[in-house]
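The values are calculated or read from the model by the stated rules, or taken from the named source; none is laboratory data. Everything quoted here is computed from the prediction, not taken from an experiment. Ideal geometry is used to build each Cβ from the backbone, glycine not excepted, and the neighbour counts take in all protein chains shown. Note: accessible area is taken over every heavy atom of the protein model, side chains too, but ligands, DNA and RNA are not part of it. Shrake-Rupley method; radii C 1.70, N 1.55, O 1.52, S 1.80 Å.
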Amino acid sequence: MAEAAIVDGIFRALSDPTRRQVLERLSARPASVSELAAPYDMALPSFLQHLKVLEKSGLVRSRKAGRVRTYSIAPERMKLAEDWLERQRSMWERRLDRLDSYLMKMKEENSE
């Protein structure tokens, strides 16, 4: 159940386009808060809330050196979301395969 709560937090964090863009930016290299906030037309406290959600979900890490806080991506948590999606994909593929088999059987029975 704890893993489910973690995955919920990851998907909640990914539900916002600004946060997804921040993750895309961080996938290239770590960046400071000011670098990350620069492209957005929003007050810094609002942007910091996005970073807080990402950090709480475990998708990013921050470190402070002097007065500069730098964020980097934490890919381990993304793996949990990938694993969940993979399980869902596998389940739906099995269901669709069974449906396909059933429909083919029905088609064969109707053609006889």
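Here are a few things to note about the model shown:
- Think of a 1.4 Å ball rolled over the protein heavy atoms: the chain then has 73 Å² of accessible area per residue.
- Label corresponding to mean projected area of the Cα convex hull in nm² when calculated from the structure given, among (i) 8.5; (ii) 10.4; (iii) 7.6: (ii)
- Between helix 44-57 and the chain there is an angle of about 50 degrees, using the helix long axis and the longest principal axis of the Cα atoms.
- The chain: angle of helix 2-14 to the longest principal axis, Cα-based, in degrees nearest 10: 70
- When the Cα positions of 37, 101, 9 are compared along the charge dipole of the chain, 37 comes out farthest toward the positive end, with charges on each C-beta of Lys, Arg, Asp and Glu.
- Largest mean-square fluctuation among 57, 15, 101, in a Gaussian network model of the chain whose springs join Cα atoms under 10 Å apart, belongs to 101.
- Spin-label zone in the stretch 66-89 - amide nitrogen under 17 Å from a point set 7 Å from the Cα of residue 2 along the C-beta vector: 77, 80-81
- Stretchable slack from residue 76 to residue 101, in nm (0.36 nm times residue separation minus alpha-carbon distance): 5.2 nm
- Taking packing as the residue-averaged number of other Cβ atoms within 10 angstrom, the listed peptides 82-90, 68-76, 34-42 run from highest to lowest as 68-76, 34-42, 82-90.
- Charging the Cβ of each Asp and Glu at -1 and of each Lys and Arg at +1, and nothing else, the dipole of the chain about its Cα centre rounds to 840 debye.
- C-alpha long axis of helix 17-28 to longest principal axis of the chain, angle in °: 80
- If the segment from residue 62 to residue 83 were pulled out straight at 0.36 nm per residue, it would be longer than the present Cα-Cα gap by 5.1 nm.
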